[in-house]
């Protein structure tokens, strides 16, 4: 029985699931976050085209979680490739699945919430363009947790 | 939350639009101008459309505001409940005109949800199918009661009642706590004003109980109870509610109606300004709308003051707190 499962390459299945989740969740979060900020931004630009650059910078900030998710997915896939023909054993596969979770889940939520802060900060830009940096700093506070998430995920992948 | 986020675009536009609103400095600049024409120049700089009569400038600005808000808002119908106020005013004017056989078209407001011309037809033809049920019933009641009593007061009383009931029922259907609260505040302020007005004119309790509106945070019975007492007892009662400052401001250095009206306007403005910086939701839009109405009222105060050569300090004193 055990031999049968190992033959199936179930370790690889778990690892692939992890790679998919890391990018899926973080990517969904980023697209929601960017769209929230984008709606606020397009409102501002509709009234005042000159603010386009400032708005664009703020709007782009929640997209980083998607990039981090991509990095984690890429690292997990390269682990699978490195395992060669025999595939990963089941414990390694499950470890990689768990390693994907911090990035996927924290990435998703932080991107959505960051999008809301970005939208509010676009409100600052609408009032005073010169205060854009303050808005960026406030928005980046949320980023910190996505960065922690990717670090934890990388550390966990490193143990496999 | 999703419902609030739908407002992200509209709030973004409002943020920029707020920049063009008149603030205290711009009012000061207008007041300091030597002539009415110079005042108007300041207005044009702020984005008001030029017109020959100053009333037209203000009217256009007000129409523009409603149009703009219903264009950008994901729930444009909400603004209709505010426009019903102007419709109610127009209906009152038209009914009074009909009963007394005169014509006072200059009192009609253009920025209602119904065109003035079609309202006129409705009243003349007694065709109220298109009106909200509450307004329709009120008009029929007015017509019936007026033919018996010939008392013009009931026009105002019944239609105001109907308007507030309509506003409250519409705000309840939006299921938006902010709007529901706004309706309550307006009812409370109207009731408090009515109480003080009737009390100071030494009129009777019967009139008060007709005028009072249901649905405020202070129960109607309370007013009737305090009506028999000295006004100070009522003041103490209000002092423990959120409306304490209305009483303080309107009784500061002796009471008069103008002060009371200003205190009510400022109180409402304070409520609206609390949610001014929300990034999502309908609050900034409502704030902008009422803020713009207040602005137009302030501009009218300044222009009328300038035309009649009223002292700058008196103009300043009459101005309402601005939204921005």
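With a simple spin-label model that places each label point 7 Å from the Cα along the Cα-to-Cβ direction, the separation between residue B:169 and residue B:75 comes to 1.8 nm.
Normalised radius of gyration (Cα atoms, divided by 2.2 N^0.38 Å) for region A:2-158: 1.28. The length gained by stretching the chain between residue B:107 and residue B:29 to full extension, at 0.36 nm per residue less their Cα-Cα distance, is 25.1 nm. Rg/Rh for region B:78-175 (Cα atoms only, Rh after Kirkwood) is 0.95. Derived value for chain B: Kirkwood hydrodynamic radius 21.3 Å. Basis is the mean of 1/r over every pair of different alpha-carbon atoms.
Evaluated on region B:226-324, the Kirkwood hydrodynamic radius is 15.3 Å, with distances taken between all distinct Cα atoms.
One equal scatterer on each Cα of region B:201-273, no solvent, Debye formula: the resulting log10 I(q)/I(0) at q = 0.16 Å⁻¹ is -0.65.
Tell me, B:258, B:88 in order of fewest to most beta-carbon neighbours within 10 Å? Display every interim value, and only then the final one.
Working: B:258 11, B:88 23.
Lowest count first: B:258, B:88.
Each principal axis of the Cα cloud of the protein assembly as shown was taken in turn, and the coordinate range along them, longest first, works out to 99, 55, 49 Å. With respect to chain A, whose longest principal axis is taken over its alpha-carbon atoms, helix A:132-158 is tilted by about 0°. A full extension of the chain between residue B:225 and residue B:206 corresponds to an added length of 5.6 nm, given 0.36 nm per residue minus the alpha carbon distance. Using a cutoff of 8 angstrom between alpha carbon atoms and counting only pairs six or more residues apart, the relative contact order for chain B works out to 23 percent. List residues of region B:164-195, by number, whose backbone nitrogen lies under 20 Å from a label position 7 Å along Cα→C-beta of residue B:2. Only B:174-177 fall inside the zone, counting backbone N under 20 Å. In this calculation the C-beta distance from residue A:78 to residue A:56 is compared with R0 = 25 Å, giving a FRET efficiency of 0.15. The distance from the alpha carbon centre of region B:195-217 to that of region B:146-171 is 14 Å, rounded to a whole number.
Coordinate-derived values only; no laboratory data. Just so you know, these numbers come straight off a predicted model, no measurement behind them. For neighbour counting, all protein chains shown are included, and Cβ atoms are generated from backbone atoms with ideal geometry for every residue, glycine included.
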